[in-house]
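A.B. asks: If you scroll down you'll find the structure; I have some questions about it.
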Amino acid sequence: MILSGIIEEKERLVAGKKAALSLEDLKRSLKAGSSSRIDFKSAVSGDGIALIAEIKKKSPSKGVIRKDLKPLEIARDYAAAGAKALSVLTDEKFFGGDIRLIKEIKKEVSLPVLEKDFIIDEYQIYEARAAGADAILLIADILTPDQLRRFKDAADGLGLASLCEVHTLEDLEKVSGIDADIIGINNRNLHDFKVDLETTPRLIRHVPGGKIIISESGIKTYKDVMYLKSLGVNAVLIGEAFLSAQDIISKVREVMGTK
């Protein structure tokens, strides 16, 4: 299974990082070099439907998406095309990411950045803060209710927004139990990586009122975006449709219906 392999690799990496720099030392380094955050929640909850544009080189299901990936150039293109926030894949082995990119990207654009990774340990949340992230991803499927609560509390304490991701009603019950304010509905099943855009309408009717709702994965066209907007979705997270296009700015404007 792809997901179990990712989690095993993440456990190994986190253990190695802890051995090199303890959590207490990481916390002390944050106090010494604090930096301001950009409000991710406000950025993705304005009028209309907001775009969270993703930067990633590859994925387990698609392989290499963009061979000549130039993250800083792409970040500038996304900003120019009207993205309200960026999602940066930081997993190295499976997605070709690098957490160090976050600081470099934030030097180029003034958009909030979501660090997108498989967080299984509180250590990674402090690491995200040290890297300059404004928000983190918490995947309900791989976390217990207690972990979700502890991790969200840790993120809140660091000024980080938490995008709590769900794919099933069971996931939604977990994140509702911690009063998550930003809920991402992932149309991709992380166990087999199959995508079904109808996951969003199936789940959105069960989301408590007053939440920021983001639809993720499988969104390719303006028609898709308008359909999701009609359901009450506040923002869409899109990567592959843009990264596989020759002209990213034109593709973003086409999909989002902007000039």
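The values are calculated or read from the model by the stated rules, or taken from the named source; none is laboratory data. Nothing here was measured: the structure is a model prediction, and the numbers come from that model. So basically every Cβ, Gly included, is an ideal-geometry build from the backbone, and we count neighbours across all protein chains shown.
A.B. asks: Considering the range 76-93 alone, what residues qualify as being more than 15 Å from the chain's Cα centre (by Cα) and either crowded, with 17+ Cβ neighbours inside 10 Å or modelled with pLDDT of 95 or more (or both)?
C.D. replies: 76, 77, 78, 79, 80, 81, 82
A.B. asks: Report whether or not residue 156 is surrounded by fewer than 20 Cβ atoms within 10 Å (Cβ to Cβ), free of Cβ contacts under 8 Å to residues at least 12 places away in the same chain and of a type in the set (Asp, Glu).
C.D. replies: Yes; evaluated as a whole, the condition is true for this residue.
A.B. asks: For a quick check of your reading of the model, give me the residue pairs whose first member lies in the range 1-25 and is closer than 28 Å to residue 189 by Cβ and touching a residue at least 60 places away in the same chain (Cβ under 8 Å), whose second is surrounded by 12 or more Cβ atoms within 10 Å (Cβ to Cβ) and of a type in the set (Phe, Trp, Tyr), with beta-carbon atoms closer than 6 Å and at least 6 apart or on different chains.
C.D. replies: Hits for this filter: 6/94; 6/118; 10/118; 14/123.
A.B. asks: Regarding the range 11-32, can at least one residue be identified that is under 20 Å from the mean Cα position of the chain (by Cα) and within 25 Å of residue 215 (Cβ to Cβ)?
C.D. replies: The answer is no; no qualifying residue exists.
A.B. asks: Output the number of the condition that residue 102 fails; it satisfies all remaining conditions of (1) outside any helix (DSSP H, G or I); (2) under 14 Å from the mean Cα position of the chain (by Cα).
C.D. replies: (1)
A.B. asks: Now a separate question. Scan the range 119-142 residue by residue and report those that are assigned to a loop (DSSP other than H, G, I, E, B), surrounded by fewer than 23 Cβ atoms within 10 Å (Cβ to Cβ) and not small (Gly, Ala, Ser).
C.D. replies: If the condition is that a residue be assigned to a loop (DSSP other than H, G, I, E, B), surrounded by fewer than 23 Cβ atoms within 10 Å (Cβ to Cβ) and not small (Gly, Ala, Ser), then 120, 121 are the ones that fit.
A.B. asks: Answer yes or no as to whether residue 115 is part of a strand (DSSP E or B) and of a type outside the set (A, V, I, L, M).
C.D. replies: Taking the combined requirement at face value, the residue satisfies it.
A.B. asks: A further question on this structure: Looking only at the range 27-46, count how many residues are at pLDDT below 95 and either at positive phi or part of a helix (DSSP H, G or I) (or both).
C.D. replies: Summing the residues that are at pLDDT below 95 and either at positive phi or part of a helix (DSSP H, G or I) (or both) in the range 27-46 gives 6.
A.B. asks: Of all residues in the range 156-188 being more than 16 Å from residue 41 (Cα to Cα) and assigned to a strand (DSSP E or B), which is nearest to the chain's Cα centre (by Cα)?
C.D. replies: 186
A.B. asks: Are there any pairs, at least 6 apart or on different chains, whose C-beta atoms fall under 9 Å, with the first in the range 59-87 and farther than 22 Å from residue 163 by Cα and the second part of a helix (DSSP H, G or I) and among the aromatic types (Phe, Trp, Tyr), and if so, which?
C.D. replies: 74/242; 77/242; 81/242
A.B. asks: Give the residues of the range 22-51 that are aliphatic (A, V, I, L, M), out of contact with any Phe, Trp or Tyr (no Cβ under 9 Å at 6 or more places or on another chain) and closer than 20 Å to residue 99 by Cβ, sorted by residue number.
C.D. replies: 32, 38
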